[in-house]
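Report on the following structure.
The values are calculated or read from the model by the stated rules, or taken from the named source; none is laboratory data. As the structure is a computational prediction, the values presented were derived from the model and not from experiment. Using ideal geometry, Cβ is built from the backbone for each residue, glycine included, and neighbour counts are taken over all protein chains shown.
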Amino acid sequence: MDTTEAYKETRERMTGLLRSLDEAAATTVVPACPDWTIQQLAAHAVGVSADILVGNTAEAGSDAWTEVQVSTREGRSLAELAAEWDEIGPKVEAALAGGLLPAQAVFDQVTHEHDLRGAIGQPGARDDEGVAIGLSFLETAWPFVMASYQIPPIRIVTGGPDMVVGDDPQVTLELTPFEALRALTGRRSLAQLAAYDWNTDPAPWYPAFTWGPFAVTPIDLDA
């Protein structure tokens, strides 16, 4: 899968969405990221591209790294942020052409695409290749982290490589790639997790959905 092309297509969908909004929407709180408005979400997304371009990735994913992206773009309109991304994005993609962009970058961007879509009530692109690439990052990262968690063995099946924790799991959870991506990034509530087809009491596996920077959301999310 071409990560660079997926990054480009996700970026273009997001700038299109940002340009479709009036500036009053900039202050709308993003339900999936309740500490951020749409303007701040966009500032982070643009800031990631800017940092990749200049090689400022040593602290990638940290709160401090993200805070600088948001704070330095405080007060910029959605249109200005989209214009900055139009300028920066193609340079990143040209520099990292041929699928060399890390899957983690696509993972972050496609996650926030759907956060944005949820905030404005415009679902879409759930079967896009970017979702599969984002999930491919989780397929490696999540089982590795979960190996240190005290949860019963489990297998998550999404149509790609299975995500397995523990030996000889007797519980298999089947999810679409999109649903797995959202569930494993704190975008699903306990009620939504419980509604999956578990065929057993899911409570022992709830801790598997709170890991790294992610925690189960207290509210049901539609995207």
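Some values worked out for this structure:
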item: Unique match (being surrounded by fewer than 16 Cβ atoms within 10 Å (Cβ to Cβ), more than 19 Å from residue 130 (Cβ to Cβ), of a type outside the set (Asp, Glu) and modelled with pLDDT under 95) among 57, 27; result: 57
item: Residues satisfying the stated conditions in the stretch 193-223, i.e. surrounded by 15 or more Cβ atoms within 10 Å (Cβ to Cβ), within 19 Å of the chain's Cα centre (by Cα) and among the hydrophobic types (A, V, I, L, M, F, W, C); result: 193, 208, 209, 211, 214, 216, 221, 223
item: Residues being closer than 17 Å to residue 181 by Cβ and without any contact (Cβ under 8 Å) to a residue 24 or more places away in the chain - total across the stretch 196-223; result: 1
item: Failed criterion for residue 188 (all others in (1) in a helix (DSSP H, G or I); (2) more than 21 Å from residue 148 (Cα to Cα); (3) in contact with a helix residue (DSSP H, G or I) (Cβ under 7 Å, 6 or more places away or on another chain) hold); result: (1)
item: Qualifying helices (runs of 4 or more DSSP H) (wholly inside the stretch 70-176; at least 1 residues being in contact with a His (Cβ under 8 Å, 6 or more places away or on another chain)); result: 103-120
item: Selected residue [in contact with a Lys or Arg (Cβ under 9 Å, 6 or more places away or on another chain) and at pLDDT 95 or above] from 78, 41, 18; result: 78
item: Top-ranked residue of the stretch 105-140 - restricted to ones that are among the β-branched types (Val, Ile, Thr) and within 10 Å of the chain's Cα centre (by Cα), ranked as farthest from residue 52 (Cα to Cα); result: 131
item: Answer from 156, 133 - the residue that is crowded, with 19+ Cβ neighbours inside 10 Å, more than 21 Å from residue 58 (Cα to Cα), free of Cβ contacts under 8 Å to residues at least 40 places away in the same chain and of a type in the set (A, V, I, L, M, F, W, C); result: 156
